[in-house]
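Before any comments, here is the structure.
Rule-based calculations on the coordinates, nothing more; no lab input. For clarity, every value in this text was computed on a predicted model and none was experimentally measured. Virtual Cβ from ideal backbone geometry, glycine too; neighbours counted across all protein chains shown.
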Amino acid sequence: MTTTDEYLGLCADLHAAGGYAAVRRTAREGLRQDPTSADLHCWLALGHVGEDEDDHDDEAEKAFRAGLELAPDHPGLLAGYAEFCLAADAFEYPGRAARARTLLERLERLAPGSPEAEHAQAALRWSQRSWWEDVRMQAAAAQLEQGSARAQSDDLAYALRDSTAEEARHRAEAWLRGRPEDHRAAVLAATLAELSGPARAPLRLLARHRAPAWAAAAVLAYGTNALLRSLDLAHGLVVWGWAWLLPVFVLDRRLSAARRRAQEQVVARMETRLTPAPAPGD
């Protein structure tokens, strides 16, 4: 029988992988076995919070409250609930936003200096951030996304350096079978599947040289627009040159789709950890 600790460990790994729906499923399954686990209620709540949607916010609050009924002094629940309330819109949910202060004070009394209290204080400081910090956060998120795309492009170029697309795809899938939760291997396999086939050979070439392709497309777009204006073939805002950017936009959409699919596949494989192995002869 699966233990509560095993459910908790899987919830933590699924949450880190961005599998919020899987976190909820795992937490609910664990609660059916151990309905008194405040930790599982906490993970159920966090699985809802990760979705950042109103319906899920309501369910998250129910889970936080259910956990605190079982363990009123649980530092993780208090910290998570406080952070959740700090993120609430004070105009739309005034009661929820007002609860944050009470939860923070209670946590500080119960566990001063604890990791949970420090995390909650960091959430409080973040809730008081300026617009400039929001801009910096968005810039950091964009850099992270670009870093993922660069790594994806580099891995694809390495996989295709001395192999055909089909050979590289089979090799990546074989490697993935031995390491089913390896996110990077999953991304490579999904990318090769997304860009497989003779018709997508041009996209594979662009993907292997993504950064130079973007630079070349931008230069061609600017140069084409400037040439059209200089020849009096276009005036004012010229859009024809930007057609050079269309192939790299399509490429980035394909690469993003492959990363999402890889994440979903890794999360699905992680969920099977607690599936009992079939008995001999089954």
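Taking 0.36 nm per residue of sequence separation and removing the Cα-Cα distance, the residue 275/residue 90 pair yields an extension gain of 62.3 nm. Counting neighbouring Cβ atoms within 10 Å and putting the fewest first, the residues 137, 1, 270 line up as 1, 137, 270. For residue 69 and residue 253, the FRET efficiency from 1/(1 + (r/R0)^6), where r spans their Cβ atoms and R0 equals 41 Å, is about 0.35. Rounded to the nearest angstrom and listed largest first, the equivalent-ellipsoid semi-axes of the stretch 133-273 from its Cα gyration tensor are 35, 19, 11. Axis angle, to the nearest 10 degrees, between helix 210-230 and the longest C-alpha principal axis of the chain: 50 degrees. Once the Cα atoms are used to define both axes, helix 165-178 deviates from the longest principal axis of the chain by about 20 degrees. Each residue of the stretch 79-96 was assigned a 3J(HN,Hα) from its phi angle through the Karplus expression (A = 6.51, B = -1.76, C = 1.60, θ = phi - 60°), giving 5, x, 5, 4, 4, 4, 5, 5, 7, 6, 6, 5, 7, 7, 10, x, x, 5 Hz with x at Gly and Pro. Residue by residue, the stretch 30-37 carries 3J(HN,Hα) couplings of x, 5, 5, 8, 9, x, 9, 7 Hz when phi is fed to the Karplus relation 6.51 cos²θ - 1.76 cosθ + 1.60 (θ = phi - 60°); x denotes Gly or Pro. In a reduced charge model with +1 at each Lys and Arg Cβ and -1 at each Asp and Glu Cβ, the stretch 133-273 shows a dipole moment near 240 debye about its Cα centre. Helix 115-127 against the longest principal axis of the chain: what's the angle in degrees, Cα atoms only, rounded to the nearest 10? Value to nearest ten degrees: 60. By the gyration tensor of its Cα atoms, with a ≥ b ≥ c the square roots of the eigenvalues, what is the shape of the chain: rounded for a/c under 1.5, prolate for a/b over b/c, or oblate? Oblate, since a/c reaches 1.5 and b/c is not below a/b. Listing 155, 39, 232, 134 from fewest to most neighbouring C-beta atoms within 10 Å gives 232, 134, 155, 39. Taking the fewest neighbouring Cβ atoms within 10 Å as the starting point, the ordered list for 145, 271 is 145, 271.
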